[in-house]
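Worksheet: the structure to be examined is printed underneath.
The values are calculated or read from the model by the stated rules, or taken from the named source; none is laboratory data. Remember, it's a predicted structure, so these values are computed and weren't measured experimentally. Here the Cβ positions follow ideal geometry from the backbone for every residue, glycine too, while neighbour counts run over all protein chains shown. These accessible areas exclude ligands, DNA and RNA; they are computed on the full protein's heavy atoms, side chains included. Shrake-Rupley method; radii C 1.70, N 1.55, O 1.52, S 1.80 Å.
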Amino acid sequence: AQKITQTQPGMFVQEKEAVTLDCTYDTSDPSYGLFWYKQPSSGEMIFLIYQGSYDQQNATEGRYSLNFQKARKSANLVISASQLGDSAMYFCAMMPLSGGYNKLIFGAGTRLAVHP
Amino acid sequence: DVKVTQSSRYLVKRTGEKVFLECVQDMDHENMFWYRQDPGLGLRLIYFSYDVKMKEKGDIPEGYSVSREKKERFSLILESASTNQTSMYLCASSREGSRGRAYGYTFGSGTRLTVV
């Protein structure tokens, strides 16, 4: 079965500190993509970062980096220097590529609260 | 600015009503998706479409149908609304991926549907 697991329903962090949001995935597909999305209280889903299963290096986008450990099937999101505006829901998602149709499978999400 | 537009931000309907949720994208994307989002469950795929007039069931299609008569428009239909369909509904679109490369979704801002 293809599945995304986010074990942290809620996290909090002090402003300017770094935080890691956990994500593990399960798939037998050799080719897949991993995504992180942010959902503020306004409800929009904002793309943060992407990692391909064959990418050799961990993806980075500004303050976001993805700690990709393929053997452990984990794709943790690291946010450096947290800001108050980072308070939101964060979703990890996976897209198996062999079957077509580009379907994204989402985890249950982690609610991050950044405290001043 | 490219976008996915959902026709209503908030909607209140009565049990048994037929409900139409509309979604329009201006990016010429092949793929379109309808998800529902519930606390603790993340986003679950209802239906998707990879071409005009083509549709595929997602993980939770029961009680829903869809229509895609034009490439840019994907409609979700609740044939007879029930209270357990009270949820946030998110529409998304994506371009067609290629082997080894996944493309993420662009999401609409969501429709919060309440069935009373």
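Brief remarks on what is shown
- Among the numbered conditions (1) away from chain B (no Cβ under 14 Å); (2) under 27 Å from B:GLY58 (Cα atoms); (3) touching a residue at least 60 places away in the same chain (Cβ under 8 Å), the only one that A:GLN83 does not meet is (2).
- Any hit, the range A:48-63, residues being touching a helix residue (DSSP H, G or I) at 6+ places or on another chain (Cβ under 7 Å) and in a loop (DSSP other than H, G, I, E, B): no
- Positions within the range B:18-53 being over 12 Å from the mean Cα position of the chain (by Cα) and within 11 Å of chain A (Cβ to nearest Cβ), in sequence order: B:HIS29, B:GLU30, B:ASP38, B:PRO39, B:GLY40, B:LEU41, B:GLY42, B:TYR50, B:ASP51
- Number of residues in the range A:71-86 that are of a type outside the set (A, V, I, L, M, F, W, C) and loosely packed, with under 13 Cβ neighbours inside 10 Å: the value is 3.
- Number of positions in the range A:1-23 that are within 14 Å of another protein chain (Cβ to nearest Cβ) and either open to solvent by 70 Å² or more (accessible area, probe 1.4 Å) or outside any loop (DSSP other than H, G, I, E, B) (or both): 9
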